[in-house]
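Take a look at the structure set out below.
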Amino acid sequence: MSTATVWPAQAASVPPTLIAPPSLSYELYPPVHRDASDSVHEAIAALEESHPDYVSVTYSGAPHRRRESLRLIEHLVLNTRLRPLAHLTCVGETRESLDVLVRQFLALGVRGVLALRGDLPADPDGDRGELPFARYLIELIREVEDRHTATLAGGRLAVGVAAYAHKHPESPSFQHDVEVLLGKERSGANFAITQVYFDPEDYRKLVAAARAAGVTIPIIPGIIPISTTARLKRLTGMTGIQPPVGLWHALETAGSDAERHAIGTRFARDLARRAFDDGAPGLHLYTFNDHRASLEVIEQLDLPRTRELALPHFA
């Protein structure tokens, strides 16, 4: 018997054994200076109160960024109840260096990895590393896992990957991206999180195309509450995705920061609501280390109560 994600209005009529709570997760960035460190720790404390399933920690191959990512993961494991999902990119890395990093994650207590290729170097002659695609990184993670079954008590690492609701800038087609996602699943991925998108139809079409191609893993919508045109412009430059004209105009003509904050929160809420209507198994929020909008989104969705109703209670 399969389980289903159930919302409050349905919970009373669905047998408890069939109720699967929608997942909830956030993305955090490791701090780069003291002020940022204070900000991220404030965000961690606030997000912890919403009891997410995990928080993903971004990663860069640059040595100082790598150190900060590992420090943040260690802080989450030792000082909070939050479960870290460690990002890992293979661009610019050797098989040996990646093997070492996965073992470092295991030693820190990490039990989930988001396996990503990463951004290619701007210099065409720059070091691209030994593994050209994320699926090879997934296979390497599984190889390390096989050598550490005793450490994992016979269990497995959860391995997540990226999915693209829009065609990847380097891809020949959207369908090629879907086939790449299928390849990642066949290499051992357990779930996928979408990169940012703005049109609810993009998520629905991605899931439909992925299922038609044979993808069976959960595809979680990744959504960001955006409250400034500067951040929207930066995101457009990073992803190549053009934002809705209406959202841009609303943010640009808003009379205050508070109004822009409300606009961004409402837009993210509505995007998430449509994804849930289309069967999304959960929600992943890109926070930019600003917890306020993300927490408002989940409150407006009534997500904490939905998750509470679906969780088993012990006498």
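The values are calculated or read from the model by the stated rules, or taken from the named source; none is laboratory data. Values in this document were obtained by computation on a predicted structure and should not be read as measured data. Cβ placement follows ideal geometry from the backbone for every residue including glycine, while neighbour counts extend to all protein chains displayed.
The selection criterion, being at pLDDT 95 or above, surrounded by fewer than 17 Cβ atoms within 10 Å (Cβ to Cβ) and either among the hydroxyl-bearing types (S, T, Y) or at negative phi (or both), does not hold for R204. Of these, L271, L251, L295, L303, which one is free of Cβ contacts under 8 Å to residues at least 60 places away in the same chain, of a type outside the set (V, I, T) and buried (at least 16 other Cβ atoms within 10 Å of the Cβ)? Result of the check over L271, L251, L295, L303: L251.
Could you tell me whether any residue of the range 109-119 is loosely packed, with under 15 Cβ neighbours inside 10 Å and farther than 20 Å from Y26 by Cα?
Let us first name the residues in the range 109-119 that are loosely packed, with under 15 Cβ neighbours inside 10 Å, namely 109, 119.
Still in the list and also farther than 20 Å from Y26 by Cα: 119.
Yes, some residue in the range 109-119 is loosely packed, with under 15 Cβ neighbours inside 10 Å and farther than 20 Å from Y26 by Cα.
Filtering the range 158-202 to residues that are farther than 22 Å from T58 by Cβ and among the aromatic types (F, W, Y) leaves only F174. Just give me the residues in the range 43-68 being acidic (D, E) and closer than 24 Å to R307 by Cα, in sequence order. Scanning the range 43-68 gives E48, E49, D53.
If the condition is being among the hydroxyl-bearing types (S, T, Y) and either surrounded by 21 or more Cβ atoms within 10 Å (Cβ to Cβ) or more than 26 Å from F191 (Cα to Cα) (or both), then the range 21-53 contributes S25, Y26, Y29, S37, S39. Only one entry in G129, G92 is farther than 21 Å from F191 by Cβ and touching a Cys at 6+ places or on another chain (Cβ under 7 Å), namely G129.
For T229, the requirement of being of a type in the set (S, T, N, Q), surrounded by fewer than 21 Cβ atoms within 10 Å (Cβ to Cβ) and out of contact with any Lys or Arg (no Cβ under 8 Å at 6 or more places or on another chain) is met.
As for the range 125-146, it holds no residue that is of a type in the set (A, V, I, L, M) and free of Cβ contacts under 8 Å to residues at least 24 places away in the same chain. Evaluation of N289 against the conditions (1) part of a helix (DSSP H, G or I); (2) in contact with a Phe, Trp or Tyr (Cβ under 7 Å, 6 or more places away or on another chain); (3) of a type outside the set (A, V, I, L, M, F, W, C) shows that the sole unmet condition is (1).
Checking each residue of the range 78-100 against the condition of being free of Cβ contacts under 8 Å to residues at least 60 places away in the same chain, of a type in the set (V, I, T), surrounded by fewer than 17 Cβ atoms within 10 Å (Cβ to Cβ) and closer than 20 Å to Y286 by Cα gives at least one match. The set of residues in the range 41-63 being under 29 Å from G126 (Cα atoms), of a type outside the set (S, T, N, Q) and in contact (Cβ under 8 Å) with a residue 24 or more places away in the chain consists of V57, Y59, G61. Quick test for you: out of G155, G160, G188, pick the one residue that is surrounded by fewer than 21 Cβ atoms within 10 Å (Cβ to Cβ) and within 20 Å of the chain's Cα centre (by Cα). Step by step, each of G155, G160, G188 is checked, and only G188 is surrounded by fewer than 21 Cβ atoms within 10 Å (Cβ to Cβ) and within 20 Å of the chain's Cα centre (by Cα). Of the residues examined, K167 is not one that is over 29 Å from E96 (Cα atoms), surrounded by fewer than 21 Cβ atoms within 10 Å (Cβ to Cβ) and either out of contact with any helix residue (DSSP H, G or I) (no Cβ under 6 Å at 6 or more places or on another chain) or among the aliphatic types (A, V, I, L, M) (or both).
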